[in-house]
Amino acid sequence: MTTSDDTISEYLTRYADSLTAFDAETAAGLWSTPGMIVNDRSSGVLDSRDAMVESLRQAYPIYHRLGLASVGFDLLERRDLSDRLVLVRVRWLFFGAGGAQLTDTDSYYLLRDEDEAGLQACVCVETDAAQKLQALAAERGVDLTSL
């Protein structure tokens with residue numbers, strides 16, 4: 001049985017909510033271990049829940065400096081790879097305290113249904129996050145090199 005769109009949306013909502021709350025423990029709990037993040041410049045494997053929590057916590061000061069207050073998403077595509085694996089393309093929407101959209105980024109996630117744990121991210125491929133967050137930093141006069 002393949003994963004339903006509702007199940008994927010529920011998963012992404014939990015993930016967006018954990019990012020909005022800057023809740024590294026909850027966000028990390030939505031990942032399988034090991035988890036891998038790939039972008040244009042690097043690939044990294046986070047092989048424990050503690051490593052995932054620490055990695056997420058390191059990003060939060062950047063988000064604070066950029067004025068990010070909440071996160072939403074649009075599910076753009078899905079492709080069932082097996083009964084338990086689904087590849088999704090997600091547009092993350094980042095909003096400021098006043099509710100205005102500051103930027104967006106697109107990422108692909110390989111999600112696996114892990115029975116009791118439900119959907120878990122195994123791999124994230126970030127296509128434009130670094131460029132768009134850097135552009136937002138330049139627009140807002142925020143120096144990200146000091147973080």
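The values are calculated or read from the model by the stated rules, or taken from the named source; none is laboratory data. Since this is a predicted model, take the numbers as computed values, not measurements. Backbone-built Cβ (ideal geometry, glycine too); neighbour counts: all protein chains shown. These area figures cover heavy atoms from the full protein model, side chains too; ligands, DNA and RNA do not enter into them. Shrake-Rupley method; radii C 1.70, N 1.55, O 1.52, S 1.80 Å.
Values for this structure:
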quantity	calculated
Accessible carbon and sulfur surface of the chain relative to its total accessible area, %, 1.4 Å	49
Pair-distance profile P(r), taking every C-alpha pair of the chain, with 5 angstrom steps and integer %	2, 9, 18, 24, 22, 14, 7, 3, 1, 0
Probe 1.4 Å, protein heavy atoms only - accessible area per residue of region 1-85 in square angstrom	57
Local net charge near Arg57, Cβ-Cβ under 14 Å (Lys/Arg +1, Asp/Glu -1)	-3
Proximal charge balance of Leu133 [Cβ under 12 Å; K/R count +1, D/E count -1]	-1
Helix-only [θ]222 nm of the chain, DSSP H runs n ≥ 4, -39500 (n - 2.57) each, per residue, nearest 500	-11000 deg cm²/dmol
Net dipole in debye of region 1-139 [+1 Lys, Arg Cβ; -1 Asp, Glu Cβ; about Cα centre; nearest 20]	420
Span-like helix ranges in the chain, DSSP H, alpha carbon extent 20 angstrom or more, Kyte mean at least -1.0	5-20, 49-66
